[in-house]
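Enquirer: I have a structure I would like to understand better, so I am pasting it below and will then ask my questions one at a time.
The values are calculated or read from the model by the stated rules, or taken from the named source; none is laboratory data. Computed from a predicted model, the values in this text were never measured in an experiment. Here Cβ is always computed from backbone atoms with ideal geometry, including for glycine, and neighbour counts include all displayed protein chains.
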Amino acid sequence: MTTQLQHWLARRVSGAPVLLFLLVSAAITPIGHAAENALALGVFPRYNATETTTMYTPLADHLSEKLGRKVALVTSKDFDTFWSGVQEQRYDIVHYNQYHYILSARTYQVIAQQQEFGKKAVGGALYVRKDSGITEISQLRGRTIIFGGGRDAMLSYIAPRFLLMQAGLKDSDFKSEFAVNPPNALLALFHKQADAAGGGDILIDLPVVRNAINAQELRILSATEPLLFLPWAVKRSMPPKLRDAIQSLMTGLENDAAGKSALNAAKATGMGKAEDRDYNPHRKMTAAVFGQDKIAR
């Protein structure tokens, strides 16, 4: 993709609150400087640190009040900083994507899954232009596919790659490009900068996409089964009583005004219970794409 087009696409979706995966800005609460005895709540840098602070401070405050114990929100300047915190177990509570959970499942236990856009599960999909003449995945051999995020993006890379593998296409059978975020992948496809795009099956209905292009010119070529959305997890070493209390609060946010306000601030439409086996479909796809050694048990 040309630099000029990348800049144009970035301007088209600048300020959009949905599914932006820019890893930018500086840490607001440095790891290791939370109040003594506070529970550290880590959030992956899906948004910049300022947005993350605005979105998740109400949740941290709500948990603090209900638990009678300080919950300190921790943001990270980039993904490497965040992931070091996960590997070193510096977060007591952590929010990240499905692939991140799979990699950290030995030390973290999933307790809840965030629901967005009114859905608790979203399929990964491959998109094409309707006028492309592409009707089968096999026709993508030798073509350019743009994925809506990095290689750790569950819905925008891993799941679409699984679809390609199921159709017999290896990584070397097509050219991979990466957009800065999922909406930009569809914008690039619309402007014929790629032959196909990978992203969640809800992408085409998002206002940030429909306000930028004529989405009627795109269609889903193939999609996976719905996959449970973004997980919340706690350290496996956490006392069961505290773990259960946090799970109950997280999954009961809709039961009072403060909880609903915290959900709204986080741009979430709900919070449901989740357990490790709910992420087995994600493991299957990850193992197929990256190899069994990339699956933590």
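Enquirer: Among the residues of the stretch 114-153, which ones are aliphatic (A, V, I, L, M) and within 21 Å of residue 171 (Cα to Cα)? Spell out the reasoning first.
Expert: Within the stretch 114-153, the first condition is being aliphatic (A, V, I, L, M), and the residues that meet it are 121-122, 125-126, 128, 134, 137, 140, 145-146, 153.
Across the stretch 114-153, the qualifying residues are 125, 126, 128, 134, 137, 140, 145, 146, 153.
Enquirer: Go through (1) out of contact with any Phe, Trp or Tyr (no Cβ under 9 Å at 6 or more places or on another chain); (2) closer than 29 Å to residue 205 by Cα; (3) at pLDDT 95 or above and name the single condition residue 118 misses.
Expert: (3)
Enquirer: In the stretch 157-175, what count of residues is obtained for those that are farther than 20 Å from residue 133 by Cβ, in contact with a helix residue (DSSP H, G or I) (Cβ under 9 Å, 6 or more places away or on another chain) and not hydrophobic (A, V, I, L, M, F, W, C)?
Expert: 5
Enquirer: If you don't mind, another one. Report whether or not residue 194 is in contact (Cβ under 8 Å) with a residue 24 or more places away in the chain, closer than 15 Å to residue 156 by Cβ and not in a strand (DSSP E or B). Please lay out each step first, then the result.
Expert: Details: in contact (Cβ under 8 Å) with a residue 24 or more places away in the chain: yes; closer than 15 Å to residue 156 by Cβ: yes; not in a strand (DSSP E or B): yes.
In short, yes.
The rows are residues; the columns are (1) in contact with a Gly (Cβ under 6 Å, 6 or more places away or on another chain); (2) at pLDDT 95 or above.
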{"site": "196", "(1), (2)": "no, yes"}
{"site": "224", "(1), (2)": "yes, yes"}
{"site": "241", "(1), (2)": "no, yes"}
{"site": "248", "(1), (2)": "no, yes"}
{"site": "253", "(1), (2)": "yes, yes"}
{"site": "259", "(1), (2)": "no, yes"}
{"site": "266", "(1), (2)": "no, yes"}
{"site": "275", "(1), (2)": "no, yes"}
{"site": "294", "(1), (2)": "no, no"}
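Enquirer: If you take just the strands (runs of 3 or more DSSP E) that sit entirely in the stretch 123-184, which of them hold at least 2 residues that are in contact with a Phe, Trp or Tyr (Cβ under 6 Å, 6 or more places away or on another chain) and at pLDDT 95 or above?
Expert: Numbers: elements: 124-129, 144-147, 175-178.
Of the strands (runs of 3 or more DSSP E) lying wholly inside the stretch 123-184, those with at least 2 residues that are in contact with a Phe, Trp or Tyr (Cβ under 6 Å, 6 or more places away or on another chain) and at pLDDT 95 or above span 144-147.
Enquirer: Just to be sure, is residue 68 under 18 Å from the mean Cα position of the chain (by Cα) and closer than 28 Å to residue 262 by Cα?
Expert: On the way: under 18 Å from the mean Cα position of the chain (by Cα): no; closer than 28 Å to residue 262 by Cα: yes.
Answer is no for this residue.
Enquirer: In the stretch 241-265, what count of residues is obtained for those that are basic (Lys, Arg) and either touching a residue at least 24 places away in the same chain (Cβ under 8 Å) or over 18 Å from residue 115 (Cβ atoms) (or both)?
Expert: We begin by selecting, within the stretch 241-265, every residue basic (Lys, Arg); these are 241, 243, 260.
Okay, now just the ones that are also either touching a residue at least 24 places away in the same chain (Cβ under 8 Å) or over 18 Å from residue 115 (Cβ atoms) (or both), so 241, 243.
So the answer is 2.
Enquirer: For the stretch 225-268, how many residues meet the condition of being of a type in the set (Asp, Glu), within 15 Å of residue 59 (Cα to Cα) and touching a strand residue (DSSP E or B) at 6+ places or on another chain (Cβ under 9 Å)?
Expert: Within the stretch 225-268, the subset of a type in the set (Asp, Glu) is 225, 244, 254, 256.
Filter again for within 15 Å of residue 59 (Cα to Cα), leaving 254, 256.
Okay, now just the ones that are also touching a strand residue (DSSP E or B) at 6+ places or on another chain (Cβ under 9 Å), so 254.
The total comes to 1.
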